[in-house]
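All remarks here apply to the structure that follows.
Derivation of every value follows stated rules applied to the coordinates shown; laboratory data play no part. The structure displayed is predicted, hence computed values, not measured ones. FYI the Cβ positions are ideal-geometry reconstructions off the backbone, even for glycines, and counts take in every protein chain you see.
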Amino acid sequence: MYDMTAAHKTLPLGTQVMVTNLENGRSVKVTINDRGPFVKNRIIDLSYAAAKAIGMVGPGTAKVMIEVLKTPGSRKVSYHPSGGLYTLQVASFINKAHADHLAATLSHLVDNVYIVLYKTGETIYYRVRVGTFKTREQAIEKGKLLTRHGYNIIITRYE
């Protein structure tokens, strides 16, 4: 409750993410240590301390953007502009038809929508992503547009 932690449905446990409250611009770095939330249209469940840090305790929920900083076994992501390209992940599906449908829907709103295959053991995931951005700031701006249209966004490195 008092640690900077969060629950997420699919990110690996131990992943470090930056969560930004889009309503006030405040951010907090948290570590994913649990599964959830299991409420429709919610992407992350923050601990009390993390929610308080970004001004979510009163309202209880807020539009947020998530940026993956480090996954277990990876090296830390750098923030300098020459640190590589960024992309926005809008969703990840096991069903390819669902990924294709979302990609087609998004292509009416933004350019450069694509699907990346990710395999873990026996399962293949179809990750729907948008754009390649030279800077984190460019990714954040496009992410804000997508969140205004009701999409949950994860900023990650372009693979």
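Here are a few things to note about the model shown:
- Per-residue ³J(HN,Hα) for the range 40-53, Karplus 6.51 cos²θ - 1.76 cosθ + 1.60, θ = phi - 60°, Hz, x for Gly and Pro: 4, 6, 10, 9, 8, 10, 8, 5, 4, 4, 5, 4, 5, 4
- For the chain, the longest principal axis of the alpha carbon atoms and the long axis of helix 96-107 meet at an angle near 90°.
- Averaging the sequence gap over all C-alpha pairs within less than 8 Å and six or more residues apart, then dividing by the number of residues, gives the range 5-70 a relative contact order of 44 percent.
- Cα gyration tensor category, rounded, prolate or oblate, for the chain with a/c compared to 1.5: rounded
- Taking other C-beta atoms within 10 angstrom as a stand-in for reagent exposure, K40, K63 fall in the order K40, K63, fewest first.
- Pairwise Lys count, the range 1-141 - Cα closer than 25 Å, eight or more residues apart or different chains: 25
- Other residues within the sphere of radius under 12 Å centred on the Cβ of A99, judged by their own Cβ, net out at +2 (K and R +1, D and E -1).
- A simple count of charges around V113, restricted to other residues whose Cβ falls under 11 Å of its Cβ and scoring Lys, Arg +1 and Asp, Glu -1, yields -1.
- Residues whose amide H falls under 5 Å from that of K70, counting only those 5 or more places apart or on a different chain, are Q16, with hydrogens built in the peptide plane.
- Each of I140, I115, T105 was placed along the dipole of the chain (beta-carbon charges, centred on the mean Cα), and the one lying farthest toward the positive end is I140.
- Basic side chains Lys and Arg get +1 at the Cβ, acidic Asp and Glu get -1 at the Cβ, and with that the dipole of the range 36-159 about its Cα centre reaches some 240 debye.
- For the chain, the longest principal axis of the Cα atoms and the long axis of helix 136-148 meet at an angle of about 90 degrees.
- For Y158, distant residues with modelled amide H under 5 Å away: L85, Y86, T87
- Over the chain: helical MRE at 222 nm, DSSP H runs n ≥ 4 each giving -39500 (n - 2.57), nearest 500: -6000 deg cm²/dmol
- Cα shape, the range 81-157, gyration tensor, a/c 1.5 rule: oblate
- Taking each residue as 0.36 nm, the span from K29 to N112 lengthens on full extension beyond its C-alpha to C-alpha distance by 27.0 nm.
- Taking amide hydrogens as placed 1.01 Å from N in the peptide plane, the amide H of L22 sits under 5 Å from those of K63, V64, M65, each at least 5 positions away in sequence or on another chain.
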